[in-house]
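*Asks:* Before I ask anything, here is the structure I am working with.
The values are calculated or read from the model by the stated rules, or taken from the named source; none is laboratory data. Bear in mind that the values here come from a model prediction, so they are computed numbers and not experimental data. Don't worry about glycine lacking a Cβ; one is built from the backbone with ideal geometry, like all the others, and counts go over all protein chains shown.
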Amino acid sequence: MNLNEILRLARKHLGNGAAMDSSARFCMAEAIARVDDGDLTAAAMWARKSLAYSVGVFHDDYQRAAAE
């Protein structure tokens with residue numbers, strides 16, 4: 001999965017009512033900031049963390065994003 005796909009997937013799950021939504025939003029903001037800085041590796045890591053907070057590490061979408 002490339003960075004744009006991971007970012008899109010993480011954005012899709014923001015605001016889904018997760019208990020850790022504020023953490024997911026913080027991580028997404030960091031991901032976007034890292035894209036702006038040109039650090040795409042860090043951006044992907046932050047987007048994956050956002051997904052982890054939104055849906056959990058056992059969710060299929062997280063598993064697909066983490067399979068690198």
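*Asks:* Return only the number of the condition from (1) out of contact with any Leu (no Cβ under 7 Å at 6 or more places or on another chain); (2) in a helix (DSSP H, G or I); (3) of a type outside the set (A, V, I, L, M, F, W, C) that residue 62 does not satisfy.
*Replies:* (1)
*Asks:* Give segment 47-58 a look and list any residue that's of a type in the set (A, V, I, L, M, F, W, C) and either touching a Pro at 6+ places or on another chain (Cβ under 8 Å) or crowded, with 23+ Cβ neighbours inside 10 Å (or both), or say none.
*Replies:* As a first pass, look at segment 47-58 and keep what is of a type in the set (A, V, I, L, M, F, W, C): 47, 51-52, 55, 57-58.
Result: 47, 51.
*Asks:* May I ask you to list pairs of residues, at least six apart or on different chains, whose Cβ atoms are under 7 Å apart, with the first in segment 38-59 being closer than 13 Å to residue 20 by Cβ and the second being surrounded by fewer than 13 Cβ atoms within 10 Å (Cβ to Cβ)?
*Replies:* Once the first residue is closer than 13 Å to residue 20 by Cβ and sits in segment 38-59, its partners that are surrounded by fewer than 13 Cβ atoms within 10 Å (Cβ to Cβ) give 54/16.
*Asks:* What's the number of the only condition in (1) touching a helix residue (DSSP H, G or I) at 6+ places or on another chain (Cβ under 8 Å); (2) part of a helix (DSSP H, G or I) that residue 22 fails to meet?
*Replies:* (1)
*Asks:* Tally up the residues in segment 11-29 that are surrounded by 15 or more Cβ atoms within 10 Å (Cβ to Cβ), among the charged types (D, E, K, R) and farther than 8 Å from residue 50 by Cβ, please.
*Replies:* 2
*Asks:* Check segment 28-35 and report whether any residue there is acidic (Asp, Glu) and modelled with pLDDT under 95.
*Replies:* As a first pass, look at segment 28-35 and keep what is acidic (Asp, Glu): 30.
Of the ones still in play, those that are also modelled with pLDDT under 95 are none.
No, because not a single residue in segment 28-35 is acidic (Asp, Glu) and modelled with pLDDT under 95.
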